[in-house]
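Okay, so here's the structure we're looking at.
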Amino acid sequence: MAILAGLLAALIAFYGLAYALSRDDYLLRFLTPAVFLYIFAVIALLLCYELAIRHLIGGWLHRRKAVPGALRYLNAFVETSIPSILIYLVAREINPLYVLQSPLSILYAVFIVLSTLRLDFRLSVFTGLVAALEYVALSFAYLGGGSGAAAGTPLGAPPFYVAKGAILLLAGLAAAFVAHQLKRRVGNAYRSLQERQRVLDAFGQQVSPAIAEELLKSGSGIASRRASVCMMFMDIRNFTRLVGNWPPERIVALQNAVFSEAVEVVNRNHGIINQFLGDGFMASFGAPTSSGRDCANALAAARDMVTAVGALAAAGRIPPITVGIGLHAGEAVTGNIGSAQRQQYSITGDVVILASRIEQLNKEFGSQILASREVLEGAGEAPLPGAALGPVKVKGREQPIELFRLA
């Protein structure tokens, strides 16, 4: 209806401009002031009608009410009858033979084509049938007697107008077929989107939405590959001692409060949480997809997480707690592991083990965020004065690793 209203407004502008610029006698024999007034008035009334109906139906749809079927057919009848009304009015001023062959008859096709947007097979057939019957009826009413300028010519023969009516009906059938195909394909696409969203909603609660998205894209699973990643391990300090005498419900409430903030922070910084570890989690930045700023994102997420946990404690939602975060960057092997019955997206390699060991060193240094030199270099960030802890011996690795205390 909005499209049709726009077309009608364009028609009003076109006819107004044509009448203003055309001053030759030949055109004015046809586009007389009365004819122009008829065309302008009918189109203007139809424009107002379309806007009113659009407002009415829009209100129903906004209130989630179905549009009555009778109104849909009545509206189609009114719209498709506009060319007939114009032909009748203009034929009062001009020879009906010329009017029946004028561009006014082409308006039927416009309404037939637009009927496909209703995505209703029967309604498009109805539109074509109305156009065909009205045009043939007007033709017989004006020229059926075989008299006048058309007498003795093909234009005066009833089969000529019956054939044009048949073409209008055929156009309605074609529009109906297109409408049916559009409706079927739009419906299939909508159902596919609904199913995809359902899978994402359900699967995204078990794994990161990024992994769920990647699995849906790949179909058969995420292929194993080597990738440069920044790994993060987070742990709630003194968790076991803190909750030793708590009921299970209170323990879960604390975990949910902290992890809800953690998930939001990691997602916001383009990372994914691969695994919850009781009182902590493992997260990765750079797999299965990379933003190109993985180390910088990991550093931002670590700082945001410390701030978020502090805000929770200040608001009284959790007891005063601190967290320990370890960050390390390097190459890892990523992909699905498991069997045909059960698979899990996994990230393995020395970078994962070292990030875990770095996180444990927070207890030794009394810190909340420890990062390796590889992380700072990957982020293009210079360490603050006093942040360097020097080469530190890490369990399970012969060579010490250079660490920096960031919080």
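Some values worked out for this structure:
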read-out	value
One residue from LEU370, LEU406, LEU389, LEU376 being more than 23 Å from SER228 (Cα to Cα) and out of contact with any Ser or Thr (no Cβ under 7 Å at 6 or more places or on another chain)	LEU389
Residues of the stretch 390-407 that turn out to be farther than 14 Å from ILE353 by Cβ and under 49 Å from the mean Cα position of the chain (by Cα), as a count	6
Among (1) touching a residue at least 12 places away in the same chain (Cβ under 8 Å); (2) under 32 Å from the mean Cα position of the chain (by Cα), the one test that VAL333 misses	(2)
Whichever residue in the stretch 103-127 is over 37 Å from the mean Cα position of the chain (by Cα) and buried (at least 17 other Cβ atoms within 10 Å of the Cβ) and, among such residues, is nearest to ALA5 (Cα to Cα)	LEU104
Single residue of the stretch 92-128 satisfying the filter (of a type in the set (Lys, Arg) and part of a helix (DSSP H, G or I)) that is farthest from LYS183 (Cα to Cα)	ARG122
Residue ranges of helices (runs of 4 or more DSSP H) in the stretch 267-373 with at least 2 members acidic (Asp, Glu)	294-314, 350-360
Exclusive hit being buried (at least 22 other Cβ atoms within 10 Å of the Cβ), of a type in the set (Phe, Trp, Tyr), at pLDDT 90 or above and assigned by TED's automatic domain parsing to the domain that holds PRO320, set PHE281, PHE233	PHE233
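The values are calculated or read from the model by the stated rules, or taken from the named source; none is laboratory data. Everything numeric in this text was worked out from a predicted model, so none of it was measured. FYI the Cβ positions are ideal-geometry reconstructions off the backbone, even for glycines, and counts take in every protein chain you see.
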